[in-house]
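**Q** This structure is in structure tokens; I'll ask about it shortly.
The values are calculated or read from the model by the stated rules, or taken from the named source; none is laboratory data. Just so we're clear, the structure is a prediction, and the values are computed from it rather than from any experiment. Note: ideal-geometry Cβ built from the backbone for every residue, glycine included; neighbour counts use all protein chains shown.
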Amino acid sequence: MASATKIEVKDVTKTYQTGDVLFQALAGVSFSIAEGEFVAIMGPSGSGKSTLMHILGCLDTPSTGTYALDGRSVGALSDDELADIRREKIGFVFQSFNLLPRTTVMRNVMLPLVYAGVPADERATRAVIALKASGFDESHFEHKSNQLSGGQIQRVAIARALVNDPTMILADEPTGNLDTKTGEIVLGTFQKLNREHGRTVILITHEADVARHAERIIHVKDGLIQDDSRSHTRREITHV
């Protein structure tokens with residue numbers, strides 16, 4: 001049975017204006033992503049991949065064209081409606097981690113649930129589930145974030161992205177601050193979340209070695225899609 005369409009992007013452009021100067025970051029891109037796919041969006045600095053990431057994450061809207069998430073067009077939604085989609089459907093993982101320093105792992109992961117008004121006992125239960133899904137060692141749950149290694153911190157960030165049970169993980173250069181070995185572990189965690197938990201994973205990167213951990217790679221350059229193909233040399237990690 002064919003998977004449902006998770007993302008549908010049609011002729012999307014994005015133009016920014018600074019004074020009298022116009023800059024077109026996206027010049028008309030179209031693609032779809034199925035539920036449960038692991039896709040890398042790859043391109044050099046200035047290619048438009050970050051702009052595309054912001055649109056896919058409902059952090060911005062297209063200038064023209066349409067973007068539908070789970071069959072719902074998001075271009076005309078209000079800021080509050082976009083915030084609801086981000087909270088309910090999308091888990092974000094960033095290069096900079098964005099954890100609260102000198103705060104425990106559990107409290108960092110529970111923070112989105114506090115904002116969502118989830119009761120305290122349920123917050124703890126859901127945080128433990130998310131941390132275990134991210135592969136984080138249970139013996140470190142009460143450690144403070146400034147006592148962790150870079151790889152441990154990124155796993156906490158992944159758990160925080162999972163705690164609201166999103167259907168899609170959007171990871172922006174998630175290994176940018178990690179050494180190669182640690183980065184492989186983190187990328188293996190994304191593969192496990194995709195393979196064993198059915199999460200749709202979208203990985204934004206400028207590195208070919210990182211992109212080939214995905215099943216499919218969309219190459220972006222000068223605001224256009226240059227190539228969209230299956231990853232024939234995929235780096236599969238089975239132990240994380």
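**Q** So which residues in the stretch 85-106 are charged (D, E, K, R), assigned to a helix (DSSP H, G or I) and touching a strand residue (DSSP E or B) at 6+ places or on another chain (Cβ under 7 Å), if there are any at all?
**A** Matches in the stretch 85-106: LYS89 only.
Yes or no, residue by residue, for (1) under 26 Å from ASP209 (Cα atoms); (2) touching a strand residue (DSSP E or B) at 6+ places or on another chain (Cβ under 8 Å); (3) hydrophobic (A, V, I, L, M, F, W, C); (4) surrounded by 15 or more Cβ atoms within 10 Å (Cβ to Cβ):
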| residue | (1), (2), (3), (4) |
| --- | --- |
| SER30 | yes, yes, no, no |
| GLY36 | yes, yes, no, yes |
| MET42 | yes, yes, yes, yes |
| SER47 | yes, yes, no, yes |
| ALA68 | no, yes, yes, yes |
| ASP79 | no, no, no, no |
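**Q** In the stretch 113-146, which residues are closer than 21 Å to PHE94 by Cα, at pLDDT below 90 and in a helix (DSSP H, G or I)?
**A** Those that are closer than 21 Å to PHE94 by Cα, at pLDDT below 90 and in a helix (DSSP H, G or I): VAL114, TYR115, SER145, ASN146.
**Q** For the subset of the stretch 51-84 comprising residues that are closer than 12 Å to VAL12 by Cα, in a loop (DSSP other than H, G, I, E, B) and small (Gly, Ala, Ser), which member is farthest from the chain's Cα centre (by Cα)?
**A** SER63
**Q** Mind listing whichever residues of the stretch 160-178 are at pLDDT 90 or above and over 25 Å from ALA34 (Cβ atoms)?
**A** ARG160
**Q** Then there is this: Just need a number here: residues in the stretch 206-226 that are closer than 10 Å to PRO44 by Cα and of a type in the set (S, T, N, Q).
**A** 0
**Q** Quick one: in the stretch 107-141, which of the residues that are surrounded by fewer than 18 Cβ atoms within 10 Å (Cβ to Cβ) and of a type in the set (Ser, Thr, Tyr) is farthest from GLN191 (Cα to Cα)?
**A** Looking at the filtered set, the residue picked out is TYR115.
**Q** Given the criteria of a type in the set (Val, Ile, Thr), in contact with a strand residue (DSSP E or B) (Cβ under 9 Å, 6 or more places away or on another chain) and closer than 26 Å to ARG230 by Cβ, does ILE158 qualify?
**A** On the way: of a type in the set (Val, Ile, Thr): yes; in contact with a strand residue (DSSP E or B) (Cβ under 9 Å, 6 or more places away or on another chain): yes; closer than 26 Å to ARG230 by Cβ: yes.
For ILE158, the condition - of a type in the set (Val, Ile, Thr), in contact with a strand residue (DSSP E or B) (Cβ under 9 Å, 6 or more places away or on another chain) and closer than 26 Å to ARG230 by Cβ - is met.
**Q** With respect to LYS181, determine if the residue is over 20 Å from SER50 (Cβ atoms), without any contact (Cβ under 8 Å) to a residue 24 or more places away in the chain, not in a loop (DSSP other than H, G, I, E, B) and not hydroxyl-bearing (Ser, Thr, Tyr).
**A** yes
**Q** Report yes if LEU162 is under 23 Å from THR125 (Cα atoms), touching a Ser or Thr at 6+ places or on another chain (Cβ under 7 Å), touching a residue at least 60 places away in the same chain (Cβ under 8 Å) and crowded, with 18+ Cβ neighbours inside 10 Å, otherwise no.
**A** yes
**Q** Another one. Can you pull out the residues in the stretch 41-61 that are over 21 Å from ARG160 (Cα atoms) and in contact with a helix residue (DSSP H, G or I) (Cβ under 6 Å, 6 or more places away or on another chain)?
**A** Answer for the stretch 41-61, where residues must be over 21 Å from ARG160 (Cα atoms) and in contact with a helix residue (DSSP H, G or I) (Cβ under 6 Å, 6 or more places away or on another chain): ILE41, MET42, GLY43, ASP60.
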